[in-house]
1. Could you grab the relative contact order for the chain? Cα pairs under 8 Å, six or more apart, rounded to a whole percent.
2. Please work out the FRET efficiency for the pair residue 279 and residue 342, using the Cβ-Cβ distance as r and a Förster radius of 30 Å; give the result to the nearest 0.05.
3. What is the distance in Å between the Cα centroid of region 270-340 and that of region 62-112?
4. Compute the relative contact order of region 386-453 as a whole-number percentage, counting only Cα pairs closer than 8 Å that sit 6 or more residues apart in sequence.
5. Using alpha carbons only, what's the Rg to Rh ratio of region 352-424 with Rh from Kirkwood?
6. Evaluate the distance, in nm, between pseudo-label points positioned 7 Å from the Cα of residue 319 and of residue 884 along their respective Cα→Cβ axes.
7. Give me Rg over Rh for region 168-327, both radii from the alpha carbons and Rh done the Kirkwood way, two decimal places.
8. Let's test the formula: R0 of 51 Å, r as the Cβ-Cβ distance of residue 374 and residue 831. What FRET efficiency results, to the nearest 0.05?
Ligand code: KET
């Protein structure tokens, strides 16, 4: 009870609600309203507006809509303030088009916008890149006799700058000035920033001066922006002056200000001042990011101040920051450039960069610069991988040392490896050869390079030039060509054919003046022969040449789950037991085809064609599948609010969703429980969505770490994506209780998180698919927009048929259609459309009441057999006198028992008892049978003694 009768008034109610809302305590605000109603004080439009605003800010638009709904039910209509909150809420979430829609709604309801509505609207138009529309709003403001507020002008100036109309922004600003309208300091800053981004230093200086005269005091943002502009335009002294003004005004420097100042000082050669600043920065404990450190290290290296550079390296380490790939390279490069080759080498070996291409390139460059070209050549020869920089820098330096013949050899090697060398370096080699009397070599080199380029164009590699060279096609110059016996026989008739139009009948005895034409023809003939040889070779020994393409490919690590099956299959022992993969077996350990599936197959046999399914898969199958997850009579299905496509089983559904998430929320992350199905990590990794984890399992209690889970949900940034196992959590077999699911759902609502349910085991938790969707039902009741991955691998035993479904619940039918079309677009380049057979089996089973009943019974039988095996395994272990507690075997649910066995104990089970399971100690209870449960219990007892 927050209120007592007696001192009540609607005003007081509103004050209470407003203070709770301000403190983000929406639950309490709601409680006050409830109390008020109970005591006869009804909330008025102000109360509701306060709530709407708070929900928009802290929860989300949907929640705010709920309030509006209540408001209307109470007979109070939303007003312009209500709508402004909604529009601002949508804008804050970058839903600019939504804001425009809301504005339209407001219009339709006959509510007139006020100046704030116009301001937000203008901002949206600018954000949407429609400055013309924004301009219209300004006219509308004036037309309706509203006075623009300072914010209006800020939005205008900012929007114009951001949309590339800096001059217009400047004009508007000047106009305001003339009208004696005093702009805010923020307006100045916005304009300075816009001008700075387009490099208008002159204008920046003028505005800065104006600002000084306007009575405003520039703040740290102003100084930083002006200074940034000065440095960008290379006006270092001016920039430094601005910075010192900032200091004299008592503003403290931040990391950015320090870095730019230090960089400017270094660039203008004031290294001591720079050092002093650096020391001061360190004294003040300013934290820098690694990119800033890199900039500073680079500047110090350029100045030759390696002591300072290494000092920074130490500092990075002390701060526990991680160097990125450039940090060490910058130092190595600096050392090499300064001729400190020994130090550079020491650094290389300290970092283990011996085979690092960039480091070696730096060394080559350094050695050459300081006249040690033979050592550079030695290093070059020892390098396994080289790039065009390696070649270019060595060739360039060889030319400088007038070693043209060696340079020409390297240049040719470079072209033959399919890389390029700078044109000016090529010219230096050719000119050098000619000047030193090797005219012939220069000519040969030119034609060989042309050939190498041609071969590259043909897509062949260095090997081809050499391998072809074993036979008669070694010749690379045109003159040589004509003298080769092998070439003559194959090329001559071709030559004759080509030369006939020129009136040349005997190509070898043509006159000198036809030489040019002849050479061209010979070259073409040579190319044709070469090409046929290349094509022939590649078909004969394609495999051999391939091996060099994939030289860098290492064997992939074994999959932690499917790798267990591979090892099991390879084991010849008759005693072997596979409790690795989550696949159901009957009591004889044999894979099961459900009776309902057999019957469905009988019914569909011969009746179907093999046409492609649509990109979204079988409509009927998807329809039936949605009913299983969302409920037989779900309104969401009726209202067509679900975007759903058939997927390649559960894995495919997860992957499709992950790709969708990456494409449309590219900056988002996914929160994954610890532990989880190992493939979840792979899926989101390959979709390039960064992963976070949340607490789920408590190893000591062998139950749910509910407190840890809730903390992680609360601490995740608002609007995060969470992966949840809908039921029968894999691998732990631990699910939240109904009450806990409700609390999770509530907290998700408060934090505006998105729940993605992976439901691979519907029916395996309780034996009844309908009861297993409890978690989803709770989330749906609470109004979440969720995503679901469904799979028929386990509950219909359709493992290898790859049938599943991905669904995303949307705001309305229009959105659902859009989302579905995008899901299909993602599927098209991956697999075009899903397989047809399994989908038909599913739709046949679920579409027929009798078969569906049979299916439900068979699911229950499978679940019951697993439950029976849990009891049997526990009893056996207890009978064998194991002193450990095995209670969790029967407490956990679903297909797996998360036994608590250590990886070493699992290894012993495999090596000594031929029992195969994943190294995290997960036992697939579906693989346990009356026949092997005793053996399994005994082995477990042995390794846990
Ligand atoms: N989600 C979970 C939680 C899961 O355990 C699996 C399969 C899947 C999705 C994917 O199943 P699909 O066959 O794509 O519908 N898990 C078992 C098999 C596997 O690892 O592929 C397992 O954990 O043994």
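Every number here is computed from the coordinates shown, using simple stated rules; none is lab data. Please read these numbers as outputs of a predicted model, since none were measured by experiment. A quick note on method: Cβ atoms are made from the backbone with ideal geometry, for glycine too, and the neighbour counts reach across all protein chains shown.
1. Computed value for the chain: 8 percent relative contact order.
2. Result of the calculation: an efficiency of 0.55.
3. 53 Å
4. Relative CO of region 386-453 lands at 34 percent.
5. So for region 352-424, dividing Rg by the Kirkwood Rh gives 0.93.
6. Here the answer is 4.7 nm between the modelled labels.
7. Using Cα coordinates only, the ratio equals 1.05.
8. About 0.35, to the nearest 0.05.
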